[in-house]
Amino acid sequence: MRELDNEREVIQRLQAGDLRAYEIVFHHYEQPLLGLGLRMLGRKEEAEDALQITFIKLHRSLGKFQFGARFSTYLFRIMLNVCFDLLRKRKSERMQEMPEIEFAYAPGVELRVQLEEAIGQLPERMRACFVMFALEEMKQEDIAAVLDLSVGTVKAQIFHAKQKLRALLAEAPAHSPLKGS
């Protein structure tokens, strides 16, 4: 992902409350953040909500931004924390609801649907590492900075995610989706 041109200037304008700077940052990061949110949460509406919450939190926390860190790392960390919060909330709500009902799907479910379901079954941090690396094409060093992990841990998480996805996809019948977590 390409960094903003004159990033420091844009951030300083953000900190000064320049609405045009917010517009620039939003349009620059909207799609990568939305893609990350969609893959972490699995639902377009929740990903859009997470994006809005991320920019609200960005506005509230801009004074804390240190220029020693990359802005994209800071912004992706906010987005992931929002996603983790929403996933915890969803899990808590599920615990209070009735048992999950499994819906039957027509034969011939595409591999992409099965892959999305399998990704959704990965533990949160493992899913975050895999999504940012394989789908958002981020460097492992950047993922480590976003998640505040070592590069070795990120590599291990990606390796284990690939193993788990292979196993889940091998188990999944071609005519039905994977069960939700």
Conditions (1) at pLDDT below 90; (2) out of contact with any Cys (no Cβ under 9 Å at 6 or more places or on another chain) -> Glu124 fails only (2)
* Return a yes/no flag: does region 92-115 have any residue that is within 20 Å of Glu137 (Cα to Cα), at pLDDT 75 or above and in contact with a helix residue (DSSP H, G or I) (Cβ under 8 Å, 6 or more places away or on another chain). => yes
Residue count, region 33-73, condition touching a helix residue (DSSP H, G or I) at 6+ places or on another chain (Cβ under 8 Å) and in a helix (DSSP H, G or I), comes to 28
Going through region 143-160 in order, the residues found to be under 23 Å from Gly120 (Cβ atoms) and either touching a residue at least 40 places away in the same chain (Cβ under 8 Å) or part of a loop (DSSP other than H, G, I, E, B) (or both) are Val146, Leu147, Leu149
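What do you reckon, is Arg20 farther than 30 Å from Leu122 by Cβ and loosely packed, with under 12 Cβ neighbours inside 10 Å?
Values: farther than 30 Å from Leu122 by Cβ: yes; loosely packed, with under 12 Cβ neighbours inside 10 Å: yes.
Answer is yes for this residue.
The values are calculated or read from the model by the stated rules, or taken from the named source; none is laboratory data. Model, not experiment: these values are computed from the prediction. In this analysis, Cβ positions are derived from the backbone assuming ideal geometry, glycine residues included, and neighbour counts consider all displayed protein chains.
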